[in-house]
């Protein structure tokens, strides 16, 4: 890839290995509020919290919606942070050759601020697009298009690393090339929607 390109990373399931923790949390919430939705935790992966709330919990009283928001916030703060293998080496490699790098996440600033305090890697990104900056969450392409605009790079020259179905759809809808990580879904289930599928960043280097 050329230096007139950009590489955009999702956060959960791409940089940090949190998908099992999220699955357990949302399975508990789904059961607690008796939604009766099979594989609910997979359905909502990659979505911003406000969309999850409006699409699946709007029938609940406001106080219960507030309780879900509170539980989610506490969960995010207490989240155990474990890096996807060799992701920091790959991020550093991109920075060392002056390739623009962006973080594009469905997380909001309430999660990102304590996250960057625990793991001070914000300097590795030329832009950060969080849920607070967009009107439409994944699978809508707005977040990725905004990152490309921030960086001054045409979307067709952007590579996206994603793990969730909603995130992969967003990257493709933005007209970008998507490399999938099989941290959330099986490689077989996402390979037709990605130019390449990897399990992590071990032995993954430039050029690619």
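Every number here is computed from the coordinates shown, using simple stated rules; none is lab data. Model, not experiment: these values are computed from the prediction. Every residue, glycine among them, receives a Cβ derived from its backbone with ideal geometry; neighbour counts consider all protein chains shown.
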Pick from 28, 184, 127: which residue has the top mean-square fluctuation in a GNM of the chain where Cα pairs under 10 Å get a spring? 28
Using alpha-carbon pairs under 8 Å, 6+ residues apart, how would you state the relative contact order of the stretch 45-165 in percent? 29 percent
In degrees, nearest ten, helix 87-96 long axis to first principal axis of the chain (Cα): 40 degrees
Please build a GNM for the chain, connecting alpha carbons under 10 Å apart, and tell me which residue among 164, 50, 182 fluctuates the most. 50
Compute the separation of the alpha-carbon centres of the stretch 58-91 and the stretch 1-37 and state it in Å as a whole number. 9 Å
Ranking request for peptides 56-63, 166-173, 107-114, 136-143: highest mean number of other beta-carbon atoms within 10 Å first, then the rest in descending order. 166-173, 136-143, 107-114, 56-63
Can you put 92, 130 in order, fewest other beta carbons within 10 Å first? 92, 130
Only bridges whose two residues both fall in the chain count here: according to DSSP, what percent of them are antiparallel, nearest 5? 5 percent
Please give the helix 62-78 orientation as an angle from the longest Cα principal axis of the chain, in degrees from 0 to 90, rounded to the nearest 10. 40 degrees
Length released on extending from residue 97 to residue 28, taking residue separation times 0.36 nm less the Cα-Cα span: 20.5 nm
Where does helix 19-32 land angle-wise versus the long Cα axis of the chain, in degrees 0 to 90, nearest 10? 20 degrees
